[in-house]
Amino acid sequence: MELVWLRTFVTAAHYHNFRRAADQLYISQPTVTVHIKLLEKELGTTLFDRSSKKVKLTEAGHKYLRHARELLDRYEAGVAELQSFTQGYSSKMSLAISPLIADHLMPYVLKQFLKVHPELEISVKIIESEEIEAAVLNGDVDLGLSCLPSHQSDLKSELLFTDQVIMVAPHDGRDAESAYPLEEEELLSSHYLLTHNHPGYWDELAQTIKVFYPAAKMMKVSQTHITKRFIEEGLGVSYLPSSSVRRELLEGRLLEVQTDTFKLPKAYIYAVTKDQFTIQKEFIAFLLRFRL
């Protein structure tokens, strides 16, 4: 049995059309027909009902499709592993990282970690914190870096960093000596408050703000990096983890607003794992060497 027959069969089953399968595989339609006939001869059964214009899987074809996909998946996984080995990789680790963490923490950390572990192949998925728990639980990734803890009994959730939330506003164009102090109340009356850019603290914080500043106009913006751009353009103000705006504050693109009306929350970063093998433990220990 040839793998090319299996690939043709799976593609034709997906499209229910031999011509579209041929286009997808960059072969001729007669070649698709030949592959299917050779596979049917090998299996001793008919896989497609060709009586209508749109080909359909027979009952036997339906039953065999899952096995054909598994065979192709195993073959492709073997090829990928061999390619990693020939490129000098001897181990792998897959990460799921929230956009906020990936934006300001990961680039430098990953660069330094790979200098220590050049034999390691790392793959990174950028997904929201709310989805990281499921990704780790289902085995899609080896380790998650999330703004939220996991409450699954099968997972381990380890607090890595605590980060103070601060209020930030657009730069007013004045230098530090001539600028008037920024007032929280005035800013909230003249700008939109950009909310829900962090999954951990906004529901409670928004309620608190409504108590002290009931006239505040709120706009939900789900991504921190977009929130920062909106603030830079003068659209609004927000309350963000201090580490996420460190560069913008140093470069003068944003300003920190001193507040004392109510206590601001903290933001957290967690490592979420199902199994902690050596490489996951090493990566977590390596992370803890860095400061937010």
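The values are calculated or read from the model by the stated rules, or taken from the named source; none is laboratory data. It should be emphasised that the depicted structure is a prediction, and the values quoted were computed from it without experimental measurement. Here the Cβ positions follow ideal geometry from the backbone for every residue, glycine too, while neighbour counts run over all protein chains shown. When the accessible area is computed, the model is the full protein with side chains, heavy atoms only, and any ligands, DNA or RNA have been set aside. Shrake-Rupley method; radii C 1.70, N 1.55, O 1.52, S 1.80 Å.
Listed by chain and number, the lysines placed with their C-alpha closer than 25 angstrom to that of K217 are K228, K263, K266; residues fewer than eight positions away on the same chain are left out. Working note: 222 nm ellipticity from helices only, DSSP H runs with n ≥ 4, each -39,500 (n - 2.57), summed and divided by the residues of the chain, gives -13500 deg cm²/dmol to the nearest 500. Build a GNM of the chain with springs between Cα atoms under 10 Å apart, and of D23, D163, D142 the one that fluctuates most is D23. The packing ranking of peptides 209-215, 225-231, highest mean first, is 225-231, 209-215, where packing means the average number of other beta carbon atoms within 10 angstrom of each residue. Scanning residues 5 or more positions from M219 or on other chains, those with amide H under 5 Å from its amide H are L193, L194, T195, with H placed 1.01 Å from N in the peptide plane.
The protection proxy used here, the mean number of other Cβ atoms lying within 10 Å of each residue, ranks peptides 144-154, 275-285 as follows, highest first: 144-154, 275-285. Computed over the chain, the percent of Cα pairs more than 26 Å apart is 61.
Quick one: with all protein chains in place, what share of the accessible area of the chain is carbon or sulfur, to the nearest percent (1.4 Å probe)? Walk me through the numbers on the way to the answer.
On the way: 8440 of 16820 Å².
Carbon and sulfur together cover 50 percent of it.
Binning at 5 angstrom from zero up to the longest distance, how are the C-alpha pair distances of segment 15-75 distributed in percent? Each 5 Å bin holds this share of Cα pairs: 4, 17, 23, 30, 22, 3, 0. Per residue, the solvent-accessible area of segment 186-259 (1.4 Å probe, heavy atoms of protein chains only, all protein chains present) comes to 51 Å².
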